[in-house]
Amino acid sequence: MTAKTAFVTGATSGFGRAIAEHLLRDGWHVVVTGRRTERLQSLRDVFGDAVHIASFDMRDADAINAAIAALPEGFAHIDLLVNNAGLALGTSPAQRADLVQWRQMIDTNITGLVTLTHALLPRLIEARGMIINISSIAATYPYGGGNVYGGTKAFVTQFSLGLRSDLHGTGVRVTSIEPGMAETEFTLVRTSGDQTASDTLYAGVTPITADDIAEQVMWLVKLPAHLNINRIETMPVNQSFAGFQIHRE
Ligand code: NDP
Ligand code: 8X3
């Protein structure tokens, strides 16, 4: 049987790398993307010809389209798109936030994601395939300093539901995965490389792991073709909700 092909963005680290590895171990062909090409090469070193490296910046539409146009035979028919690449930058309240960081989150998490999805939709429809978008609990639950990051993830969740509507009748399935606190390089990136801040955030917690999310992806891809899981929201047991804040005059 011909191997199925997945396109996994942000496969250099965290969820994306774990998702790529789980799919590869299950016999899939995987197009892996990210800016740090040497990390993508390390996947190819382990999994060989089942891996196609497409190194580009999600903010560069021309590079996205060129990478898709250059997909070799054996990787051109896409059965699964995992829109995972993304980031949070900064934890400051809106009134002290950096506009450059805000724009980078929007350009990556929203504009890059929709550009890539738009380009791959014809292939996904032809394959009666599946789209898995990595959103976040930040899409639903606001928190101080989450401002634009939460806004980008609310977009990802709502875009996922909208895609389901538009793709009605095509057989293409769409799921929004919405994880809570997970230990990856996410906080290191968010804090511009502050390892202490990252270690402090996860101290005394058993966070979600990248493998936990990869296992959700594997569960989704093995479901019978007549089922669509719209959203999966997951938190570590150590994480839950806090109340509203009241400012008293
Ligand atoms: P990591 O920082 O470990 O991984 C992020 C991935 O995104 C990397 O592979 C990175 O690749 C890629 N990426 C970021 N910016 C770009 C860009 N401009 N162009 C191409 N690739 C890019 O974090 P996670 O694995 O945690 O994050 C994966 C997704 O999960 C993100 O969308 C994040 O918002 C979401 N998420 C994370 C949670 C968490 O607590 N960790 C919880 C909920 C959702 P490279 O830098 O090599 O380009
Ligand atoms: C990452 C989870 O709660 O840090 O999307 O925003 S959170």
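The values are calculated or read from the model by the stated rules, or taken from the named source; none is laboratory data. Since the model is a prediction, treat every value here as computed from it, not as a measurement. Using ideal geometry, Cβ is built from the backbone for each residue, glycine included, and neighbour counts are taken over all protein chains shown.
Conditions (1) in contact with a Leu (Cβ under 6 Å, 6 or more places away or on another chain); (2) among the charged types (D, E, K, R); (3) more than 8 Å from ligand 1 (Cβ to nearest atom), marked per residue:
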site	(1), (2), (3)
Phe7	yes, no, yes
Ala11	no, no, no
Ile19	no, no, yes
Asp26	no, yes, yes
Arg35	no, yes, no
Glu38	no, yes, yes
Ser42	no, no, yes
Asp49	no, yes, yes
Ile53	yes, no, yes
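Residue check: is Asp107 of a type in the set (D, E, K, R) and within 15 Å of ligand 1 (Cβ to nearest atom)? Judged against the criteria, Asp107 is a match.
Based on this model, can you work out whether Ser176 counts as more than 8 Å from ligand 1 (Cβ to nearest atom), over 26 Å from Pro207 (Cα atoms) and of a type in the set (S, T, N, Q)?
Numbers: more than 8 Å from ligand 1 (Cβ to nearest atom): yes; over 26 Å from Pro207 (Cα atoms): no; of a type in the set (S, T, N, Q): yes.
So Ser176 does not fit the description; no.
It is to be established whether one or more residues within the stretch 74-83 are buried (at least 22 other Cβ atoms within 10 Å of the Cβ) and over 22 Å from Met105 (Cβ atoms). Checked the stretch 74-83: at least one residue is buried (at least 22 other Cβ atoms within 10 Å of the Cβ) and over 22 Å from Met105 (Cβ atoms). Inspect the stretch 131-148 for any residue being within 15 Å of ligand 2 (Cβ to nearest atom), under 19 Å from Ser192 (Cβ atoms), surrounded by 16 or more Cβ atoms within 10 Å (Cβ to Cβ) and β-branched (Val, Ile, Thr) and give the result as yes or no. Within the stretch 131-148, one or more residues are within 15 Å of ligand 2 (Cβ to nearest atom), under 19 Å from Ser192 (Cβ atoms), surrounded by 16 or more Cβ atoms within 10 Å (Cβ to Cβ) and β-branched (Val, Ile, Thr). Per the listing Thr115, Thr108, the residue uniquely buried (at least 16 other Cβ atoms within 10 Å of the Cβ) and touching a Lys or Arg at 6+ places or on another chain (Cβ under 7 Å) is Thr108.
For the stretch 110-126, the criterion of being touching a residue at least 40 places away in the same chain (Cβ under 8 Å), more than 14 Å from Gly150 (Cβ to Cβ) and touching a Gly at 6+ places or on another chain (Cβ under 7 Å) is met by none of the residues. Within the stretch 7-33, the residues that satisfy the criterion of being touching a Gly at 6+ places or on another chain (Cβ under 9 Å) and away from ligand 2 (no atom under 16 Å from the Cβ) are Val8, Ala11, Thr12, Arg17, His29, Val32, Thr33.
Report whether or not Arg59 is surrounded by 15 or more Cβ atoms within 10 Å (Cβ to Cβ) and either in contact (Cβ under 8 Å) with a residue 60 or more places away in the chain or within 12 Å of ligand 1 (Cβ to nearest atom) (or both).
Criteria met by Arg59.
The set of residues in the stretch 151-176 that are within 17 Å of Gly129 (Cβ to Cβ) and among the β-branched types (Val, Ile, Thr) comprises Thr170, Val172, Val174, Thr175.
Under the condition of being of a type in the set (Val, Ile, Thr) and either buried (at least 17 other Cβ atoms within 10 Å of the Cβ) or within 6 Å of ligand 1 (Cβ to nearest atom) (or both), which residue from the stretch 180-196 is nearest to Asp98 (Cα to Cα)? Spell out how you get there, then give the answer.
As a first pass, look at the stretch 180-196 and keep what is of a type in the set (Val, Ile, Thr): 184, 187, 189, 191, 196.
Going one step further and asking which of them are either buried (at least 17 other Cβ atoms within 10 Å of the Cβ) or within 6 Å of ligand 1 (Cβ to nearest atom) (or both), we end up with 184, 187, 189, 191.
Values: Thr184: 23, Thr187: 17, Val189: 15, Thr191: 13 Å.
Going through the qualifying residues, I end up with Thr191.
Of the helices (runs of 4 or more DSSP H) contained entirely in the stretch 120-214, those carrying at least 2 residues that are out of contact with any Leu (no Cβ under 8 Å at 6 or more places or on another chain), modelled with pLDDT of 95 or more and of a type outside the set (S, T, N, Q) fall at 147-166, 195-202.
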